[in-house]
Amino acid sequence: MKEVVIISGKGGVGKSAISASLGAILMKKHKVVLADTDVDAPNLDLFFTARLRSSKDVKASEKAFINCEKCTCCLECVEACKFFAITVSDGAPVLIRYFCEGCGACSIVCPEGAIEIKDMKNGNIATFDIDNAVIVSGELMIGESSSGRLVDEVKRAAKEEAGRINADLIITDGPPGTGCPVISAIKGSDYVIAATEPTPAALSDLRRIFDVIRHFDLPSGIVINKAGLHQASEDLIRDFAKQNGVPILAAVPYDMSVPEATARAMPVVEAYPDAPASKGIMRLAGVAEAVLNEGGSLSGIFRR
Amino acid sequence: MVDAGLKGRILAALHRKPLDIPIIAITGGKGGVGKSTISVNIAAALSEMGYRVALLDADVDAPDDHIMLGITLEKPLDVTVNVPTIDAGKCTGCRRCVDACRRNALFQPGDGVPILIGDCNGCEACMLACPEDAIRKERKRVGETYMSERDRLLLFTGRLMPGAEESSMVVNALRNRLHASGGGSDVVLVDTSPGIHCNVINALRGADAVYAVTEPTPLGAHDLERTLKLLLAIGLRARIILNFSDLPGPREKITVMAKAFDAEISCELPMDDLLLKSHVEGVPAIIMFPDAVNSTSMRRIAEDIAREYLQ
């Protein structure tokens, strides 16, 4: 079983649209689990007629709690917190919970033992059945933190589900950015597809995401989405790929069919199978399949 | 549960403003809906109107505002955290630092001197726990902040180092740099990262007005709802900007949601190749194509802001 993760650095270049279409193509030939690790904005299930099978709460966060009765307002905790999560109001410490990382530094310095670190529920993981596959999707609760640890849990749940249905492939839709949820999403995967679009901003973010991919030494390739949008940027992406020895897996033409399919809540390859973008994603699927099958563990390729 | 009095104090602390300058935030749950494009255009429009604008690019994972403005980043400052190095001469192997580290980043081989093997976020709990003063602080760079000036526009950019996880440290450093720069601007615009996580909340602190950008697709509607819930939770009211407004999607979902959250849809921007052209050229649309429909709409947002907050 193999896991491929799709990330982009910049948001909105088409991670979820490509993941959904790639999933729709590959699930016809393989047993597939789709994992949505964009826990801030999980959207993958919206592309399918997804039936919710189960949902479970996840406690993957810790927060400090100040016991006002024991607190003598010495304010040592304010100084100790490197995340500026404790401020002073009317002479008393107030914890701004959104910024608390649960590190426990405050509870170490508190001479009164007035601060306790507690496990917090910070999200949930939903499992959906769709016609030919399973979607495992993580959602961060409003105002909660530790999205990286939640992503770890989503990946674990997706692996379990893959084991249960004997899947060949996990396709993971990653979060935008380069920070901790992205690092959690790509760690331990077999292949990373970096999605980009030919704009200067997306190229800048592509360079950044490759610094992360290289940091974890993962095999990877690029898909240029919205190809044809801006030739000069596209040339620069190709130069970047060549200089860094990264393959361009496919170019998906700029095509209004993609946002229109998304607006209709369908993968573009299902809504408009003959659209130029659909052809491009089909090429991507073929290349991805070949890459992932190196070594033969994508056994379903022979199954049909 | 948090009682109402405490919740009020938390929100007051959250939104405390070190500078007495109006703060306008542009946010959105979904990536790629146009937060940065809209931010740089409003900034350019306000600057054109004669106001001194501080634009905070708080999407430290993927900072792009300078690219869209054609600005070269200037005046870099490192953002660092302190990670532990343990002095073998002083360490007694008591293990307290290992137990203090809730990320399990310290490992003690046998009963020897602990070593840092995992991801350290610089919380310094280990240093506080050590009874022997045996832990030395070593600086680790996790990002940079920049301050770049052009005409009346002061751009503050935060950049997380790729591979680093400490984006909240970079957002804090960015806010501190803005505050340290003093009150030289008439207005602060904040471009947040996508999503609803703590960095978005950090960027929204003290905002006088929040524009939530979305698109009329099922994804846009779903993510807008999460943004509106977040804003409600932290006591901020939203105005909605509907970008790509002519996409044939579930518009009514967004209209209904706006009503439910008492948020007005203050602007609609149809799809427009000119926006795209200005985006790739690194010149805001309101300057490159001043007469385009969307330029007029975005200029109107700037005028609204000026009328409400800058008189």
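The values are calculated or read from the model by the stated rules, or taken from the named source; none is laboratory data. Note that this is a predicted model, so its numbers are computed, not measured. Cβ atoms come from the backbone with ideal geometry, glycine included; neighbour counts cover every protein chain shown. What goes into the accessible areas is simple: the full protein's heavy atoms, side chains included, and nothing from ligands, DNA or RNA. Shrake-Rupley method; radii C 1.70, N 1.55, O 1.52, S 1.80 Å.
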* Quick one: B:M68 ticks every box in (1) facing chain A (nearest Cβ under 9 Å); (2) open to solvent by 40 Å² or more (accessible area, probe 1.4 Å); (3) part of a helix (DSSP H, G or I) bar one, so which box is it? -> (2)
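Please verify whether B:D208 is out of contact with any His (no Cβ under 8 Å at 6 or more places or on another chain), among the acidic types (D, E) and open to solvent by 10 Å² or more (accessible area, probe 1.4 Å), treating the condition exactly as stated.
Details: out of contact with any His (no Cβ under 8 Å at 6 or more places or on another chain): yes; among the acidic types (D, E): yes; open to solvent by 10 Å² or more (accessible area, probe 1.4 Å): yes.
Judged against the criteria, B:D208 is a match.
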* Asked: Taking the stated definitions as given, is A:S184 among the small types (G, A, S), under 30 Å from B:C198 (Cα atoms), away from every other protein chain (no Cβ under 11 Å) and buried (at least 19 other Cβ atoms within 10 Å of the Cβ)?
  -> no
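Can you pull out the residues in segment B:254-289 that are of a type in the set (K, R) and modelled with pLDDT of 95 or more?
Narrowing segment B:254-289 to residues of a type in the set (K, R): B:259, B:277.
If the condition is that a residue be of a type in the set (K, R) and modelled with pLDDT of 95 or more, then B:K259 is the only one that fits.
For segment B:152-162: of the residues being open to solvent by 30 Å² or more (accessible area, probe 1.4 Å) and in contact with a helix residue (DSSP H, G or I) (Cβ under 6 Å, 6 or more places away or on another chain), which is nearest to the other protein chains (Cβ to nearest Cβ)? Give the steps one after another, and end with the answer.
To start, the set of residues in segment B:152-162 that are open to solvent by 30 Å² or more (accessible area, probe 1.4 Å) comprises B:152, B:154, B:159, B:161-162.
Filter again for in contact with a helix residue (DSSP H, G or I) (Cβ under 6 Å, 6 or more places away or on another chain), leaving B:152, B:162.
Details: B:R152: 23, B:P162: 3 Å.
Checked segment B:152-162; the qualifying residue nearest to the other protein chains (Cβ to nearest Cβ) is B:P162.
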* To do: May I ask you to verify whether A:M141 is open to solvent by 20 Å² or more (accessible area, probe 1.4 Å), away from chain B (no Cβ under 11 Å), aliphatic (A, V, I, L, M) and closer than 27 Å to A:D40 by Cβ?
  => no
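Only one of B:D119, B:D78 is within 28 Å of B:R177 (Cα to Cα), within 11 Å of chain A (Cβ to nearest Cβ) and under 27 Å from the mean Cα position of the chain (by Cα). Can you tell me which?
Details: B:D78 fails: within 11 Å of chain A (Cβ to nearest Cβ).
The match here is B:D119.
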* **Pair list, Cβ under 7 Å, 6 or more apart: segment A:47-65 residue within 12 Å of chain B (Cβ to nearest Cβ), other residue acidic (D, E) and outside any strand (DSSP E or B)** => A:S61/A:E144
* Asked: Could you count how many residues in segment A:66-85 are part of a loop (DSSP other than H, G, I, E, B), within 9 Å of another protein chain (Cβ to nearest Cβ) and open to solvent by less than 60 Å² (accessible area, probe 1.4 Å)?
  -> 2
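Just to verify a result, which residue in segment B:86-127, among those that are assigned to a strand (DSSP E or B) and open to solvent by 40 Å² or more (accessible area, probe 1.4 Å), is farthest from B:S148 (Cα to Cα)? Steps first, please.
From segment B:86-127, those assigned to a strand (DSSP E or B) are B:86, B:106-107, B:115-116; that's our starting set.
Still in the list and also open to solvent by 40 Å² or more (accessible area, probe 1.4 Å): B:107, B:115-116.
Working: B:F107: 42, B:I115: 40, B:L116: 37 Å.
Applying the filter and picking the extreme gives B:F107.
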* Asked: How many residues does segment A:199-221 contain that are surrounded by 23 or more Cβ atoms within 10 Å (Cβ to Cβ) and not in a helix (DSSP H, G or I)?
  -> 2
* Read through the list (1) under 25 Å from A:K31 (Cα atoms); (2) under 15 Å from the mean Cα position of the chain (by Cα), then give the number of the only condition that A:P176 fails. => (1)
* Number of the condition not met by A:N124 [criteria: (1) in contact with a helix residue (DSSP H, G or I) (Cβ under 6 Å, 6 or more places away or on another chain); (2) open to solvent by less than 40 Å² (accessible area, probe 1.4 Å); (3) within 16 Å of A:A41 (Cβ to Cβ)] -> (1)
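Taking B:V60, is it of a type outside the set (S, T, N, Q), facing chain A (nearest Cβ under 9 Å) and over 20 Å from B:T192 (Cβ atoms)? Working first, answer last.
On the way: of a type outside the set (S, T, N, Q): yes; facing chain A (nearest Cβ under 9 Å): yes; over 20 Å from B:T192 (Cβ atoms): no.
No: the conditions fail for B:V60.
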* **Answer from B:E138, B:E165, B:E149, B:E225 - the residue that is open to solvent by 30 Å² or more (accessible area, probe 1.4 Å), of a type outside the set (K, R) and in a helix (DSSP H, G or I)** => B:E225
* **Selection count, segment B:281-304, where residues are crowded, with 20+ Cβ neighbours inside 10 Å and aliphatic (A, V, I, L, M)** => 5
* Asked: Between residues in segment B:19-37 that are over 20 Å from B:A221 (Cα atoms) and residues that are open to solvent by less than 10 Å² (accessible area, probe 1.4 Å) and of a type in the set (A, V, I, L, M), which pairs lie under 6 Å by C-beta distance while being six or more apart or on different chains?
  -> B:I21/B:V188; B:P22/B:V187; B:I23/B:V188; B:I24/B:L189; B:I24/B:A209; B:I24/B:I305
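Regarding segment A:265-278, can at least one residue be identified that is within 14 Å of chain B (Cβ to nearest Cβ) and among the polar types (S, T, N, Q)?
In the first step, residues of segment A:265-278 are kept if they are within 14 Å of chain B (Cβ to nearest Cβ); the result is A:265-268, A:271-272.
Narrowing further to those that are among the polar types (S, T, N, Q): none.
No.
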* Among the residues of segment A:97-114, how many are open to solvent by 20 Å² or more (accessible area, probe 1.4 Å), more than 8 Å from chain B (Cβ to nearest Cβ) and within 22 Å of A:S145 (Cα to Cα)? -> 1
* Go through segment A:86-96 and give me each residue that's surrounded by fewer than 21 Cβ atoms within 10 Å (Cβ to Cβ) and not β-branched (V, I, T). => A:S89, A:D90, A:G91, A:A92
